[in-house]
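Some notes on the structure that comes next.
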Amino acid sequence: MYWRLKQSVLDAQKGNGNKRAMKKIIFSDNIPGIIAYAEGEPIGWCSAAQREDFPRLANSRVLKPVDEKPVWSVVCFFINRNYRKMGLSVALLEAVKKFVKSNGGKILEGYPIEPKKDKMPDAFAWTGLSAAFLKAGFKEVARRSETRPIMRFYLK
């Protein structure tokens, strides 16, 4: 819910309140992302929706819009620790491409981290790593911070 709410609202409904807010989105038929499963168990998650569903992006100095084109945004991932470093982020991005295309989207945008060092704590990689976006065919279109490229994939 981080990208969907002002910090004051996020803090006020911390925990169960934010869970209820996400459930409300899900039950409104507004699909908030893609879930990956292994043997019937959820192992990964990728949040993706139209950019306007994530107001924090518009208010970010680093991640503000590149242009006026309508885009869908990939804002976060969660990968079960037992499935990390196995290419699941790339697989989720491939699934998101299909999802966005099936919903009429033409441009998919992501805001990954590009670490300064080879290794960084997994907790800081929740917006994805630029290497995964590159493997999924995304191209950098802007960079307003040393470690935060804005990357796009143009759907055909």
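Please treat every number below as a calculation from the coordinates, not as lab data. Keep in mind that what you see is a predicted model, and the values were worked out from it rather than measured. Please note: Cβ atoms are built from the backbone with ideal geometry, for glycine as well, and neighbour counts cover all protein chains shown.
Tell me which trypsin sites (Lys or Arg not before Pro) from the range 1-91 have a DSSP coil assignment and no more than 14 other beta carbons within 10 Å of their own. Those satisfying the criteria are Lys6, Lys14, Arg61, Arg84, Lys85.
By counting other Cβ atoms within 10 Å of each Cβ, how are Asp53, Asp29 ranked from fewest to most?
Fewest to most other Cβ atoms nearby, the residues stand as Asp29, Asp53.
Structure remark: mean-square fluctuation, Gaussian network model of the chain, C-alpha springs under 10 Å; the largest value among Ala136, Ala38, Ala58 belongs to Ala38. For the chain, the mean residue ellipticity at 222 nm estimated from helices alone is -7500 deg cm²/dmol, where every DSSP H run of n ≥ 4 contributes -39500 (n - 2.57) and the total is divided by all residues, rounded to the nearest 500.
If I take every Cα pair under 8 Å that is 6 or more residues apart in the chain, average their sequence separation and divide by the length, what percent do I get for the relative contact order? Averaging sequence separation for qualifying contacts and normalising by length gives 20 percent for the chain. Between Lys156 and Lys19, the distance separating the two model label sites (each 7 Å from Cα on the Cα→Cβ line) works out to 4.4 nm.
Structural descriptor for the range 86-156: relative contact order 40 percent, calculated from alpha carbon pairs under 8 angstrom and at least 6 residues apart.
Projecting label points 7 angstrom from Cα along Cα→Cβ for Ser60 and Ala38 puts them 2.8 nm apart.
Cα gyration tensor of the chain, axes a ≥ b ≥ c as square roots of the eigenvalues: rounded (a/c below 1.5), prolate (a/b > b/c) or oblate?
Judged from the Cα gyration tensor, the chain comes out rounded (a/c under 1.5).
When only C-alpha pairs under 8 Å and at least 6 residues apart count, what is the relative contact order of the range 24-90, in percent?
Relative contact order comes out at 29 percent.
Loop-located GluC sites (Glu not before Pro) across the range 56-123 with a Cβ neighbour count of 10 or fewer within 10 Å are Glu68, with loop assigned by DSSP. Label-to-label distance for Glu68 and Asn103 is 2.4 nm, based on points extended 7 Å past Cα in the beta-carbon direction. 3J(HN,Hα) couplings calculated from phi for the range 136-149 with the Karplus curve 6.51 cos²θ - 1.76 cosθ + 1.60 (θ = phi - 60°) are, in sequence order, 8, x, 6, 10, 5, 10, 6, 8, 10, 8, 4, 10, 10, x Hz; Gly and Pro show x. Backbone geometry of the range 71-84 corresponds, through the Karplus equation with coefficients 6.51, -1.76 and 1.60 at θ = phi - 60°, to 3J(HN,Hα) couplings of 10, 9, 10, 9, 10, 7, 10, 9, 10, 3, 3, 6, 10, 6 Hz, x marking Gly and Pro.
What is the order of Cys76, Cys46, fewest Cβ neighbours within 10 Å to most? Don't jump to the answer; show the numbers that get you there.
Values: Cys76 18, Cys46 25.
With the sparsest Cβ surroundings first, the list reads Cys76, Cys46.
Panel order for Phe138, Phe27, Phe133, by other beta carbons found within 10 Å of each beta carbon, from fewest to most: Phe27, Phe138, Phe133. Most simply put, the chain has about 85% antiparallel DSSP beta bridges, counting only bridges with both residues inside it.
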